[in-house]
Amino acid sequence: MVFLNLPCKPSRPMRSALLALLLMPVSASALERDLLNAVESVGGIYSSIYIHEAGHALVYQALGASDVSIEVPRRGTIFSGQTSGKFSRPLTQGERQLAAVSGLAAANLAGELVLQRPGLHRSPYAQAVLGTALISNVMHVTQYYTKIRGVGGYAGNDIDEYELAGGNPHVMSAVLVGYTVLAMRRMQKKEIPLFYVNLRF
């Protein structure tokens with residue numbers, strides 16, 4: 001058994017040290033929670049990317065592609081992915097458009113599930129799945145209007161692919177932006193933060 005011989009009235013440095021010792025478990029608990037939240041958020045980000053690529057992969061397989069593969073992250077990047085496959089026949093214009101929109105559709109459906117299920121609203125993982133889908137929408141639109149295919153190594157994104165398949169990229173962009181704004185308004189009402197930032201608009 002250990003006895004501490006403390007004066008009746010501890011000095012100011014001693015009081016500060018005792019307070020720090022008492023708060024240490026609280027600080028450790030808060031740090032552990034923050035680390036867990038960060039891990040869940042990163043997991044949610046990559047899950048959303050995988051869901052996006054899985055959307056492409058499922059459509060590729062439905063259209064008869066072989067050797068379908070998903071690469072996440074895409075070589076030379078951190079937060080992106082790529083799906084590839086081999087087709088034994090040329091795809092029709094409609095099939096190419098479907099393949100182009102399938103990734104964004106899958107990711108946004110996963111985000112919509114988070115919005116619809118109140119039990120997921122407080123989960124950092126689920127919030128990241130939703131937030132990544134919405135940010136991806138905005139990034140696709142922004143890149144389409146600010147980058148040129150073939151310049152600076154830019155190969156284009158899903159909106160570019162949709163346009164190359166004969167689709168109207170402006171309509172697709174408007175749908176993505178419109179859904180993103182509506183989803184963020186619903187996030188605000190349901191008090192779901194966008195990567196720990198409470199929305200106010």
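Restricting attention to region 103-201, which GluC sites (Glu not before Pro) occupy a DSSP loop and are surrounded by at most 12 other Cβ atoms within 10 Å?
Answer by residue number: 191.
Would you calculate a helix-derived [θ] at 222 nm for the chain, using -39,500 (n - 2.57) for each DSSP H run of n ≥ 4 and dividing by the full residue count, to the nearest 500?
Details: 5 runs with 127 residues, N = 201.
Counting only the DSSP helices, I get -22500 deg cm²/dmol.
Choose one answer from 45, 78, 70: the residue with the largest mean-square fluctuation in a GNM of the chain with alpha-carbon springs under 10 Å.
78
Taking the Cα centre of region 20-168 as origin, sum charge times position over the Cβ atoms of Lys and Arg (+1) and Asp and Glu (-1), and report the length of that vector in debye to the nearest 20. Write out the running numbers ahead of the final one.
Numbers: 10 positive and 12 negative charges, 17 e Å.
In total the dipole reaches around 80 debye.
Keeping all protein chains in position, work out how much accessible area residue 123 exposes to a 1.4 Å probe, and write it in Å² to the nearest 10.
Spelled out: residue 123, probe radius 1.4 Å, area about 30 Å².
When volume of the Cα convex hull per residue in Å³ is calculated directly from the model, which label among (i) 226; (ii) 172; (iii) 104 fits?
Here the calculated entry is (i).
So how tilted is helix 93-116 from the main axis of the chain? Cα-based, degrees 0 to 90, rounded to 10.
The angle comes out at about 20 degrees.
How would 189, 147, 86 rank on accessible area, largest to smallest, probe 1.4 Å?
Values: 189 160, 147 95, 86 125 Å².
Solvent-accessible surface, decreasing: 189, 86, 147.
Hey, can you find the accessible area per residue of region 79-128 for me, probe 1.4 Å, expressed in square angstrom?
I get 54 Å² per residue for this part.
Of all accessible surface on the chain at a 1.4 Å probe, what whole percent is carbon and sulfur?
Details: 8050 of 12640 Å².
Carbon and sulfur: 64 percent of the exposed surface of the chain.
The values are calculated or read from the model by the stated rules, or taken from the named source; none is laboratory data. No experiment lies behind these values; they were computed from the predicted model shown. Every residue, glycine as well, gets a Cβ built from its backbone with ideal geometry; the counts of neighbours run over all protein chains shown. Accessible surface areas use protein heavy atoms only, side chains included; no ligands, DNA or RNA. Shrake-Rupley method; radii C 1.70, N 1.55, O 1.52, S 1.80 Å.
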